[in-house]
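Everything below concerns the one structure shown next.
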Amino acid sequence: MAMTVRPTWTGSLALHDVVLGVFSAGSKNNVVLYYGQGPNQKRLSQYCADPSIDVFILSFVHLFPQQANGYPGIDFGNQCWAETYAESGYGGQNKPTNNCLLKCPNLQRDLYTCRQTSTKKILLSLGGGTTAHQLSGAVDGENLAKQLWYMFGPRQSSWVRQGLPRPFDYAGSSAGFSVDGFDLDIEHPPTDGSAGYKALTTKLRSLYAAAPGTFYLTASPQCVVPDASMAGALQATTFDMIFVQFYNMARCSARRWADANPNYVPGGDFGAAGFTYDAWTTFLAGTYSRNARMYLGLPGSAKTASPWFELTVQQAANLANAYYCRSNFGGVAIWEATYASENVASGQETSTRT
């Protein structure tokens with residue numbers, strides 16, 4: 001079976017269902033876009049108006065309470081101000097200079113608008129490239145899970161009555177704003193043997209189960225199997241979607257596959273050439289996440305990773321076609337919004353569908 005692709009997001013592609021911009025967990029055609037780390041970013045509302053995008057991953061919660069004076073730290077680039085929420089400290093010490101829970105008024109408004117005008121899913125990602133975030137054991141991980149849930153999940157009256165922060169709530173909405181789940185993008189090995197991340201993910205799952213509605217737990221590991229920074233967490237509980245970053249490590253990258261299969265045609269034979277999609281499927285088969293949907297994580301342009309990792313539209317389409325019939329294939333995940341929207345493919349702005 002071959003799939004139909006249209007040049008659009010990334011110097012790669014977007015995959016489309018008959019109805020664009022309608023996320024389906026069981027679909028093979030979802031388009032996921034990371035947002036929050038681009039230079040001079042457009043507002044989220046502009047991307048939300050694009051019907052080819054199904055899921056946004058807000059990036060990042062880049063610091064944890066131990067490093068950020070008691071609350072998690074958030075960084076969404078130019079969508080946040082220098083002003084922070086007041087914090088009470090961590091471990092008996094209050095260091096206001098470490099306050100990093102920023103106020104992001106533009107993002108508050110745009111999240112509200114996006115929720116009112118679309119059915120797109122919005123996830124909040126933890127981690128990123130900084131080395132600063134760490135947890136110090138199971139209690140630390142469980143406490144972070146509860147903080148994230150009360151701050152960014154469904155509005156809890158007991159939390160609000162105490163005057164505690166809800167960074168994504170927009171003043172014009174009495175219901176508050178809840179993300180649709182949390183993503184782990186942990187790129188540095190944990191110093192506590194993964195005890196914190198195991199407790200974090202397990203607690204989030206239990207909080208999801210007790211709440212009405214559907215919430216997702218996702219991960220954005222590197223392409224090497226297993227990912228040294230995330231293997232423990234991935235084996236601890238059930239993840240719904242895995243957005244493998246096939247662009248940071250040459251030996252398992254999408255570009256290596258493309259170079260090894262320059263004449264691939266849909267339905268034809270191909271060599272894996274070190275590309276680890278199937279290796280990730282095998283790894284997940286031995287975990288609670290054996291039914292997770294797998295996504296091709298691709299760079300949005302040569303500026304988002306080393307230029308060597310960028311794929312042409314045709315190369316990305318070939319790769320997606322080659323793995324489309326895998327039962328766990330879910331779509332593509334693109335890093336990141338600003339550079340992807342600026343990228344030009346086949347002489348066209350990449351956000352223009354053909």
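The values are calculated or read from the model by the stated rules, or taken from the named source; none is laboratory data. Only a predicted model underlies this, so the values are computations on that prediction, with no experimental measurement involved. Heads up, the Cβs are rebuilt from the backbone with ideal geometry, glycines too, and the neighbour counts pull from every protein chain shown.
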- Residue list for segment 184-243, filter: touching a strand residue (DSSP E or B) at 6+ places or on another chain (Cβ under 9 Å) and part of a helix (DSSP H, G or I): Y197, L200, T201, L204, R205, Y208, A233, L234
- Query: Does G274 fit the bill of being touching a Lys or Arg at 6+ places or on another chain (Cβ under 8 Å), at pLDDT 95 or above and of a type in the set (G, A, S)?
  - Reply: yes
- Message: Which count do you get for residues in segment 50-75 that are of a type in the set (G, A, S) and either touching a residue at least 60 places away in the same chain (Cβ under 8 Å) or not in a loop (DSSP other than H, G, I, E, B) (or both)?
- Response: 3
- Query: Has segment 92-106 got any residue that is in contact with a helix residue (DSSP H, G or I) (Cβ under 7 Å, 6 or more places away or on another chain), within 23 Å of K146 (Cβ to Cβ) and surrounded by 22 or more Cβ atoms within 10 Å (Cβ to Cβ)?
  - Reply: yes
- Query: In segment 262-309, which residues are of a type in the set (D, E) and part of a loop (DSSP other than H, G, I, E, B)?
  - Reply: D269
- Item | Single match in P72, P154, P65 (criterion: surrounded by fewer than 19 Cβ atoms within 10 Å (Cβ to Cβ), at pLDDT 95 or above and under 25 Å from Y34 (Cα atoms)) | P154
- Query: Do we have any residue at all in segment 141-154 that's assigned to a loop (DSSP other than H, G, I, E, B) and touching a helix residue (DSSP H, G or I) at 6+ places or on another chain (Cβ under 6 Å)?
  - Reply: no
- Read through the list (1) of a type in the set (A, V, I, L, M, F, W, C); (2) surrounded by fewer than 19 Cβ atoms within 10 Å (Cβ to Cβ); (3) touching a strand residue (DSSP E or B) at 6+ places or on another chain (Cβ under 9 Å); (4) over 15 Å from P72 (Cβ atoms), then give the number of the only condition that A132 fails. (4)
- Given the conditions (1) closer than 24 Å to G137 by Cα; (2) touching a strand residue (DSSP E or B) at 6+ places or on another chain (Cβ under 6 Å), report the number of the one that N98 does not fulfil. (2)
- Which listed residue, of R293, R255, R251, is in contact with a Gly (Cβ under 9 Å, 6 or more places away or on another chain), crowded, with 19+ Cβ neighbours inside 10 Å and of a type in the set (K, R): R293
- Item | Residue satisfying all of: in segment 220-242; over 15 Å from K198 (Cα atoms) and aliphatic (A, V, I, L, M); surrounded by the fewest Cβ atoms within 10 Å (Cβ to Cβ) among these | V224
- Working carefully through the options A333, A302, A292, find the one that is more than 25 Å from D269 (Cβ to Cβ), of a type outside the set (S, T, N, Q) and free of Cβ contacts under 8 Å to residues at least 60 places away in the same chain. A292
- Task: Report whether or not I334 is outside any loop (DSSP other than H, G, I, E, B), crowded, with 20+ Cβ neighbours inside 10 Å, in contact with a helix residue (DSSP H, G or I) (Cβ under 6 Å, 6 or more places away or on another chain) and of a type in the set (A, V, I, L, M, F, W, C).
- Result: yes
- Say we look at segment 238-268 and pick out the residues that are aliphatic (A, V, I, L, M) and more than 19 Å from V313 (Cβ to Cβ); which of these is farthest from the chain's Cα centre (by Cα)? A250
